[in-house]
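The values are calculated or read from the model by the stated rules, or taken from the named source; none is laboratory data. Predicted model only: the values in this text are computed from it and were never measured. A quick note on method: Cβ atoms are made from the backbone with ideal geometry, for glycine too, and the neighbour counts reach across all protein chains shown.
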Amino acid sequence: MKIESLELTNYRNYETAKINFGSKINVFIGKNASGKTNILESIYILALARSYRTNENQNLINQDKDNSIIKAHIKHSKRYKIDEHKIIFSKKGKVVTFNKKPFKKISDYISKFNVIIFQPEDFYLIKGSPKEKRKYFNLEIGQINNRYLFDLGEYNNLIKTKNEYLKTIDFNNYDKNYIETINYQLAKRAKNIYLERKKFLNKINEKITKINEKLKTFQNFKIIMTSAIEIETEEEKIEEKLYLKYNNALFKEIQMNQTLFGPHRDDFIFIANDNDANEFCSQGQQRMAILMLKLSEIEVFKDVTEEYPVLLLDDVFSELDEEKKKKIINYLYKRMQIIITTTDLNNLDVDVLSKADIFVVKNKKIKKQDRKTEV
């Protein structure tokens, strides 16, 4: 899939902007705080109906305006069709439409358009809290499986209901049937979530092994999930084990006023050369570990959807050596559309620039640069 055009109205620092993208490499050059990242953010929002930078809709609306609009036309290679994606943000919320059809449930919209973003802030995937990492993997799995998002939403609602009830009871005064009914429903949803996370990580690690052989970054590298139960258990027994574990934990949960285990407590750990990458890898190695995750996701998305996602690279090339830059671009160039931001074209290989459509971002305007003109 490829994004053909993007229109922004009252979005962040842009009153109006329209971009017609090239089908391969697109480079946006501009000073820091010029609005380059806003462009990548708007494309990400079209895929996931949410920003990765803010939870407040108001932050996405140009000052003194009532709403902001992001609209794009996306070409799908397997359907030979161009779809219109549009999201309107206001103080009241957001309206998401696909080919002019509004969606009541965001989970039904996600997976219509897929992106992978690689940015300097991605170190949280190794160094961050379990909650931050779960949020990332939940959204990535959701991009290719919106049923997963449905199960996750139902699970989170059940956890909220159960935790609220736990705060109102004590050891001598609770409704056993009510709690066991919630635990039964939790076990059903938790099983589905665990199995999809396991399936996704298996696919990711399979791709990571092949990518590591090409980049030769680590002796071995994988991502593991820490969870409260052994997911290698036979599938039909996972739900039973979860249900029993929820019930057996009841007295401790009453004491703590919260549900103490389940998918909402899991963590994802990067293991490089048989060690936790958070503790034993340099910053450069951690960056490469994150990059390998992103590259593996690209291939997993392709296997599942039969299309490559759009790749967003936010000012990341300045911190990679020339050899790695060339290997990465050569690996990606013929596969997919790439959108890159940078403050300096010298951060990019001459060969990359010769293949790229270049856009200058300055004074809240976006102007396509003639390839023969120096920036």
**OP:** For Ile45, work out the one condition from (1) crowded, with 20+ Cβ neighbours inside 10 Å; (2) over 25 Å from Phe150 (Cα atoms); (3) touching a helix residue (DSSP H, G or I) at 6+ places or on another chain (Cβ under 9 Å) it doesn't fulfil.
**Re:** (2)
Original post:
In region 76-90, is there at least one residue being touching a residue at least 12 places away in the same chain (Cβ under 8 Å), among the aliphatic types (A, V, I, L, M), surrounded by 14 or more Cβ atoms within 10 Å (Cβ to Cβ) and part of a loop (DSSP other than H, G, I, E, B)?
Top reply: no
**OP:** Specify which of the listed residues (Glu253, Glu235, Glu279, Glu297) is over 23 Å from Ser129 (Cβ atoms) and either outside the structural domain of Tyr52 (by the TED database) or among the polar types (S, T, N, Q) (or both).
**Re:** Glu235
Original post:
In the set Thr259, Thr217, which member is within 24 Å of the chain's Cα centre (by Cα), surrounded by 15 or more Cβ atoms within 10 Å (Cβ to Cβ) and either more than 26 Å from Tyr124 (Cβ to Cβ) or of a type in the set (Ser, Thr, Tyr) (or both)?
Top reply: Thr217
Subject >> The one condition in (1) surrounded by fewer than 20 Cβ atoms within 10 Å (Cβ to Cβ); (2) over 30 Å from Thr16 (Cβ atoms); (3) among the β-branched types (Val, Ile, Thr) that Val360 fails to fulfil >> reply: (2)
Original post:
Within region 264-336, which helices (runs of 4 or more DSSP H) (wholly inside it) include 3 or more residues that are aliphatic (A, V, I, L, M)?
Top reply: 283-305, 322-332
**OP:** Please give the number of the condition Lys65 fails out of (1) touching a Leu at 6+ places or on another chain (Cβ under 6 Å); (2) not in a strand (DSSP E or B); (3) not hydrophobic (A, V, I, L, M, F, W, C).
**Re:** (1)
Subject >> Residue that is nearest to the chain's Cα centre (by Cα), among those in region 3-39 that are outside any loop (DSSP other than H, G, I, E, B) and within 19 Å of Leu353 (Cα to Cα) >> reply: Lys36
Original post:
In region 91-113, which residues are closer than 22 Å to Gln58 by Cβ and either surrounded by 12 or more Cβ atoms within 10 Å (Cβ to Cβ) or not assigned by the TED database to the domain that holds Lys2 (or both)?
Top reply: Lys94, Val95, Val96, Thr97, Phe103, Ile106, Tyr109
Original post:
Can you find even one residue in region 302-316 that is under 20 Å from the mean Cα position of the chain (by Cα), free of Cβ contacts under 8 Å to residues at least 60 places away in the same chain and closer than 19 Å to Asn205 by Cα?
Top reply: yes
